[in-house]
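See below for the structure under consideration.
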Amino acid sequence: MARYALGIDIGTTAVKACLINDEGCLLAETSVPHDLSSPEQGWAEESPADWWKGLTNCCKDILPGSGVAPAEVQGVGVSGMVPTIVLLDARGNVLRQSIQQQDARATEEIELLKARIDQEELFRRTGGYTNQQHVLPRLMWVQRHEPQIWARVHRIMGSYDYINYRLTGVHSLEANWAVESGLYDIRARRWIPEYLETGGLSPDAFPPVRMPTQVIGHITGDAARETGLELGTPVVAGSADHIASALSAGISRAGDLLVKFGGGGDVLFCTSELKTHPRLYFDLHDIPGHYIINGCMAASGSVVKWFVQNFVPGGGDSILQDLDREAAAVPPGSDGLILLPYLLGEKTPLFDPLARGVLFGLGLHHTRAHVFRAILEAVSYGFRHHVDELEASGFTPERAFGTNGGSRSTLWQQTAADVLGRSITYYPHHPGSALGVAFVAAMGTGLYSDWSQVSLFLGVGVRRDPDGVAHGTYDKAYAIYRDLYLRLKDDFPRLVDLHRPDGRATT
């Protein structure tokens, strides 16, 4: 009898699922969209109820559609955004909307913690300095602004950890949520008591930390009824979405580089040594003994979505293809139009939650095609900024790959190769994180025994080589892009003050 593993990814814009078997075949995939909410400037929230609804719909679609009986699924893995924050009360109820990893509300708390905590010691122990992605500033924001909610907090967990809880009834934290929290010693593999005390936190608020392939529980009766999965099916701890995506793209040896065209843009570099970078993040690879130095842009594909929703009348399924065709007729550099894509602030390598989007060089001759192309170029400039940081610190990319939704655009594929000045092999229709975490589940439940077997699912990639003339143009535009932020960074806090209805100054 064939055996199967189910992978589910809780993404920024959709829940995605895929089903694999033990013979190297991807049998089926499906997705259910949901929305990112930004009710205040810099906020990024989502509804965990939407994630669960998306998961149940995916499960009910993918199993019957593929002809696989629930009993044939040997393991389930869930990946998700990290470190998204989900707060639960003592009964396991969600207390508020999630606070997403790209949320930039906790600016005052970040500055407070920078003054309280020795930042060099923090970097030595956790691999990062206090920043908007860290868990503690956002939790302190809840303490200060929503004390009635904070008083009821019993458990703190991530997006996929919450879904695992709904599936199994077991509280757990996958290791990379802890690693990215800013509260966890990446070498000693334990919570740091003095950092917890700084935020008034108890280690009991966090579930046990588990490695990706560890079986943390089994599908409960309630979950089986809601999803159609078999009662008792094993569920593994899962994976951070960007790490699962790296795994599924074949990022498996030192020197491999992945650019990920998601709602937020990721740049991931594989190393076999535990090294950290002062302006990038550190993660454990799903493959034991490997690590990922990575960066994440707060808004990338989400800028495309924002532009289409707000400035392209009618929309429709074909609108992105139409915009691609229009923008392809615009020369590299968008006729002197440059965008800073910091619509949600910026995470790496700037760590500036107050940064904002800027459209520079706008003239009456510019059209929507120019603006659209400028968006694609801006995200590619952000990728290059990360690669520059890697190379300046002695990390040498050898092979480059591209995945996720934006990589389906031929124009964006070529633009990124031209901006980076390096060949990139794209897997535009690859399921990404859902496939990666399905393979994690397959490893954890014995369907596969060797991490190299993930290559069975890669398929044929599309290679884009850089155009020398376009790269020369982008060198000049990229220099302006980098300079613009440096010139404007001191003005961004003034915009925040202008936005405040009470006129309070930023601290």
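Listing for the model above:
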| read-out | value |
| --- | --- |
| Within the stretch 267-280, considering residues that are touching a Lys or Arg at 6+ places or on another chain (Cβ under 8 Å) and touching a residue at least 60 places away in the same chain (Cβ under 8 Å), the one surrounded by the fewest Cβ atoms within 10 Å (Cβ to Cβ) | L274 |
| Residue match in the stretch 46-66 (condition: closer than 25 Å to G169 by Cα, touching an Asp or Glu at 6+ places or on another chain (Cβ under 7 Å) and part of a strand (DSSP E or B)) | no |
| Residues satisfying the stated conditions in the stretch 235-254, i.e. within 15 Å of S455 (Cα to Cα) and part of a loop (DSSP other than H, G, I, E, B) | A249, G250, I251, S252, R253 |
| The lone exception for W177 - which of (1) in a loop (DSSP other than H, G, I, E, B); (2) under 19 Å from the mean Cα position of the chain (by Cα) it fails | (1) |
| Matching entry among G67, G77 (being under 21 Å from G228 (Cα atoms) and in contact with a helix residue (DSSP H, G or I) (Cβ under 7 Å, 6 or more places away or on another chain)) | G77 |
| Top-ranked residue of the stretch 441-469 - restricted to ones that are touching a strand residue (DSSP E or B) at 6+ places or on another chain (Cβ under 7 Å) and hydrophobic (A, V, I, L, M, F, W, C), ranked as surrounded by the most Cβ atoms within 10 Å (Cβ to Cβ) | A441 |
| Residue list for the stretch 23-45, filter: within 22 Å of L344 (Cβ to Cβ) and part of a strand (DSSP E or B) | P33, S37, E45 |
| Contacts under 6 angstrom Cβ, first residue in the stretch 404-428 being among the hydroxyl-bearing types (S, T, Y), partner at pLDDT 95 or above and in a loop (DSSP other than H, G, I, E, B), 6 or more apart | S423/D465 |
| So D35, is it among the charged types (D, E, K, R), surrounded by fewer than 16 Cβ atoms within 10 Å (Cβ to Cβ) and out of contact with any helix residue (DSSP H, G or I) (no Cβ under 7 Å at 6 or more places or on another chain) | yes |
| All positions within the stretch 255-271 that are modelled with pLDDT under 95 and not in a strand (DSSP E or B) | G262, G263, G264 |
| Residue identified as assigned by TED's automatic domain parsing to the domain that holds G42 and over 22 Å from Q100 (Cα atoms) among A188, A178 | A188 |
| Selected residue [among the small types (G, A, S), free of Cβ contacts under 8 Å to residues at least 60 places away in the same chain and buried (at least 18 other Cβ atoms within 10 Å of the Cβ)] from A246, A223, A237 | A223 |
| The one condition in (1) under 19 Å from V235 (Cβ atoms); (2) at pLDDT below 95 that T84 fails to fulfil | (2) |
| Qualifying residue in the stretch 418-432 (condition: crowded, with 24+ Cβ neighbours inside 10 Å, among the β-branched types (V, I, T) and part of a helix (DSSP H, G or I)) | yes |
| Sole exception among (1) under 20 Å from H242 (Cα atoms); (2) modelled with pLDDT of 95 or more; (3) part of a loop (DSSP other than H, G, I, E, B) for F439, by number | (3) |
| Per-region count, the stretch 157-178, residues within 22 Å of Y195 (Cα to Cα), hydrophobic (A, V, I, L, M, F, W, C) and touching a strand residue (DSSP E or B) at 6+ places or on another chain (Cβ under 6 Å) | 4 |
| Matching residues, the stretch 385-410, being part of a loop (DSSP other than H, G, I, E, B) and under 18 Å from the mean Cα position of the chain (by Cα) | N404 |
| The stretch 334-346 - residue that is of a type in the set (A, V, I, L, M) and assigned to a strand (DSSP E or B) and, of those, nearest to D103 (Cα to Cα) | L343 |
| Failed condition for L359, given (1) closer than 24 Å to I319 by Cβ; (2) touching a strand residue (DSSP E or B) at 6+ places or on another chain (Cβ under 6 Å); (3) touching a residue at least 24 places away in the same chain (Cβ under 8 Å) | (3) |
| Options P331, P313, P288, P349; residue that is closer than 30 Å to T213 by Cβ, assigned to a loop (DSSP other than H, G, I, E, B) and not β-branched (V, I, T) | P288 |
| Residue check, Q132 modelled with pLDDT of 95 or more and among the polar types (S, T, N, Q) | no |
| The one condition in (1) touching a Lys or Arg at 6+ places or on another chain (Cβ under 8 Å); (2) modelled with pLDDT under 95 that E109 fails to fulfil | (2) |
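The values are calculated or read from the model by the stated rules, or taken from the named source; none is laboratory data. Everything numeric here is computed off the predicted structure, so don't read it as measured data. Cβ atoms come from the backbone with ideal geometry, glycine included; neighbour counts cover every protein chain shown.
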